[in-house]
1. Starting from the 7 Å offset along Cα-to-Cβ, what nm value, one decimal, do you get for the label separation of Gln78 and Asp112?
2. Semi-axes of the range 58-141's equivalent ellipsoid from the Cα gyration tensor, sqrt of 5 times each eigenvalue, largest first, rounded to whole Å?
3. What does the charge add up to near Lys135, with Lys and Arg as +1, Asp and Glu as -1, over the other residues with Cβ less than 13 Å from its Cβ?
4. Taking a cut-off of 18 Å between Cα atoms, list the lysines near Lys136, but don't count ones fewer than 8 places away on the same chain.
5. Based on the inverse mean of 1/r over its pairs of different Cα atoms, what is the Kirkwood hydrodynamic radius of the range 4-46, in Å?
6. Could you point to the residue in Phe61, Thr38, Asn132 farthest towards the positive end of the chain's charge dipole, with +1 and -1 charges on the Cβ of Lys/Arg and Asp/Glu respectively?
7. Based on the Kirkwood radius over alpha-carbon pairs, what is the Stokes-Einstein translational diffusion coefficient of the range 2-151 at 37 °C with 0.692 mPa s viscosity, in µm²/s?
8. Using θ = phi - 60° and the Karplus curve 6.51 cos²θ - 1.76 cosθ + 1.60, what whole-Hz ³J(HN,Hα) does each residue of the range 22-34 get, with Gly and Pro shown as x?
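Derivation of every value follows stated rules applied to the coordinates shown; laboratory data play no part. Note that the coordinates shown come from a computational prediction; the quantities given were computed from them, not determined experimentally. A quick note on method: Cβ atoms are made from the backbone with ideal geometry, for glycine too, and the neighbour counts reach across all protein chains shown.
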Amino acid sequence: MEERIQRDILAIMPSYEVNLGNCTRLILFEEEEIVKITAKTFIKNLCKYYHFDQKASSKYFGDLLSSRSNLPLVFSRQLIYIQLKTREPIGKDDGAMGYFKLQDIKKIVEIDGKTTIRMRNNLDISLLCSMNTAKKQIKQGKLVMELLIKNDRLKVKEALEYYNYDDGPAMKSDIARLYMKLDDIISKI
């Protein structure tokens with residue numbers, strides 16, 4: 001699983017394969033790969049790999065975007081996936097949403113009356129949503145990216161000179177400074 005995740009995944013889509021059932025179709029830059037687990041399970045495994053709390057992220061970004069469904073998956077500024085409907089569910093608990101890496105979306109076009117997403121490898125993928133919905137999801141993803149850049153939430157900037165280089169035991173004052181720093185960071189989130 002880890003070797004799959006470390007590759008450049010452009011899209012993660014639910015797929016029904018004959019003799020395999022519900023699977024995940026991974027769109028990589030050079031190829032496609034079928035994984036014998038559901039897209040929902042693949043996303044859970046991806047979250048575990050990145051030590052990512054999807055519920056907390058959904059609450060945080062849902063409040064920022066005033067939305068509760070189909071929120072972007074934000075692993076970092078460089079790794080944001082947006083959700084778009086790619087298939088009709090066949091049965092109970094079937095996934096319908098595909099996840100597309102925001103930075104690898106070239107454009108949204110209409111081909112033969114269907115909304116189609118064109119990825120940076122020039123692969124066209126048909127969607128089961130309107131052009132407006134697809135554009136809205138992309139705008140939300142870009143807004144999240146801008147907010148992350150603006151707030152610079154993912155980096156703690158502090159001079160290394162602040163720390164003494166001898167590895168002595170932590171004192172109560174060290175722990176108190178750490179607690180105050182964490183409290184300050186949490187209040188900014």
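1. My value for the distance between the label points is 3.8 nm.
2. Working: eigenvalues 83, 57, 29 Å².
Equivalent ellipsoid of the range 58-141: 20, 17, 12 Å, largest first.
3. Values: positive: Lys107, Lys136, Lys139, Lys142; negative: Glu110.
So the surrounding residues net to +3.
4. Partners within reach: Lys85, Lys101, Lys106, Lys107, Lys114.
5. On the way: mean 1/r = 0.0966 Å⁻¹.
Result for the range 4-46 stands at 10.3 Å.
6. Asn132
7. Calculated translational D: 208 µm²/s.
8. Whole-Hz 3J(HN,Hα) from phi for the range 22-34: 6, 9, 10, 9, 9, 9, 9, 4, 9, 8, 10, 9, 9.
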